[in-house]
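The values are calculated or read from the model by the stated rules, or taken from the named source; none is laboratory data. It should be emphasised that the depicted structure is a prediction, and the values quoted were computed from it without experimental measurement. Cβ atoms come from the backbone with ideal geometry, glycine included; neighbour counts cover every protein chain shown. These area figures cover heavy atoms from the full protein model, side chains too; ligands, DNA and RNA do not enter into them. Shrake-Rupley method; radii C 1.70, N 1.55, O 1.52, S 1.80 Å.
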Amino acid sequence: MPEYAHPQTLVSTDWVAHAVDEPNVRIAEVDVDTAAYDEGHIRNAIPWNWHTQLCDTVRRNILPKAEFEALMRRSGITPKTTVVLYGDNNNWFAAWAYWQMKIYGHKDVRLMNGGRKKWIAEGRDLTNDAPVIEAAEYSALPADASLRAFLEDVHEALDEHSAELVDVRSPQEFSGEILAPPGLPETCQRGGHIPGAQSIPWGLACNEDGTFKSFDELAELYGSRGIDGSMPVIAYCRIGERSSHTWFVLKELLGYDRVANYDGSWTEWGNLVAVPVERSVPATAGTGAP
């Protein structure tokens, strides 16, 4: 992937097929639950359940440092392990896991370009056998707060015009026509978007096979909406998973230095009292994925 700013953060399905038995490589399938994994997965891949393993479901937060370390240990991952992540929905939740691993300082973590969709489309082997994992030692770095935006950061961006906001949801969510994609439970009291946010649906960054578009195509997609890396960027969606995908694009593929994922996203902003909300129809062409 030599055309991207940080090409080492992506690997191809072919690379993964040749690395499944490498002792210092750990492959994880990351989905909202493990149903897809149970139907068949890449050999030696372990399952990570986004809902129960990759977030604090009581406090609505990322994993605390101690729980993140415990997950890494159970997964047989050391700070020197090359971790390759893939999943469904064109790597929505894999990107969330990537973002969280970078928050806690894991050096070598990568996404499999195209995710589960591309692996299956190519007719590559799946297995139902779960690998036997030997626990490892793992100590994480202190959380890197620069990769994450909180509510006060968004208020500051609005008040001081100190950051660009990118809303990666569908145009129907952006306009307030719907509160959430059909069938998804986390929702809000009112629809719309944060004033001044640019509507750039996350799926516009992907090709039909689930892989990322080229550097030039991505630079044009975001640059045409004024998102060119000259100012800090805050990406948001509904609960932070789709925006972690866009965070990956902006941070790792385009190389923008100051990119944060607002994982409180619309389920936080859309439930607050007296915050500003806009309901204009987005000016972007295309809809992207849900």
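Taking all protein chains in place and a 1.4 Å probe, what share, in percent, of the accessible surface of the chain do carbon and sulfur account for? Result for the chain: 51 percent of the exposed heavy-atom area is carbon or sulfur.
Ligands, DNA and RNA excluded, the heavy atoms of S214 present near 40 Å² of accessible surface to a 1.4 Å solvent probe. The dipole here belongs to region 146-232: it is taken about the Cα centre, uses +1 on the Cβ of Lys and Arg and -1 on the Cβ of Asp and Glu, and is about 220 debye. When the charge dipole of the chain is built from unit charges on Cβ atoms (+1 for Lys and Arg, -1 for Asp and Glu) and taken about the Cα centre, the candidate among P7, S139, Q189 whose Cα reaches farthest toward its positive end is S139. Working note: Debye formula, equal point scatterers on the alpha-carbon atoms of region 2-156, no solvent; log10 I(q)/I(0) at q = 0.09 Å⁻¹ is -0.28.
The largest-to-smallest principal axis extents of the Cα set in region 101-179 are 52, 38, 20 Å. For R110, nonlocal amide neighbours, meaning residues 5 or more places apart or on other chains whose placed amide H falls under 5 Å from its own, are V83, V84, L85. Our note on the geometry: Cα centres of region 43-65 and region 82-152, 11 Å apart.
Computed with every protein chain present, the accessible area of L10 is close to 10 Å² [probe 1.4 Å]. Fully extending the segment from A17 to E67, taken as 0.36 nm per residue of separation minus the present Cα-Cα distance, adds 15.0 nm. The residues of the chain expose, per residue, 43 Å² of accessible area to a 1.4 Å probe. Just so you know, the Rg over Rh for the chain is 0.95, from Cα atoms, with Rh as the Kirkwood radius.
Shown for the chain: lysine pairs separated by 8 or more places, or found on different chains, whose C-alpha atoms are under 16 Å apart, numbering 9.
From zero outward in steps of 10 Å, how is the percent of C-alpha pairs of region 155-254 spread across the bins? The calculated distribution, bin by bin, is 15, 48, 31, 6, 0. Using 0.36 nm per residue and subtracting the Cα-Cα separation, the extra length available between A135 and E39 on full extension is 32.1 nm. Computed from the C-beta positions of K213 and A121, the FRET efficiency with R₀ = 22 Å rounds to 0.80.
Per-residue surface analysis assigns T82 an accessible area of about 20 Å², computed on protein heavy atoms at 1.4 Å probe radius.
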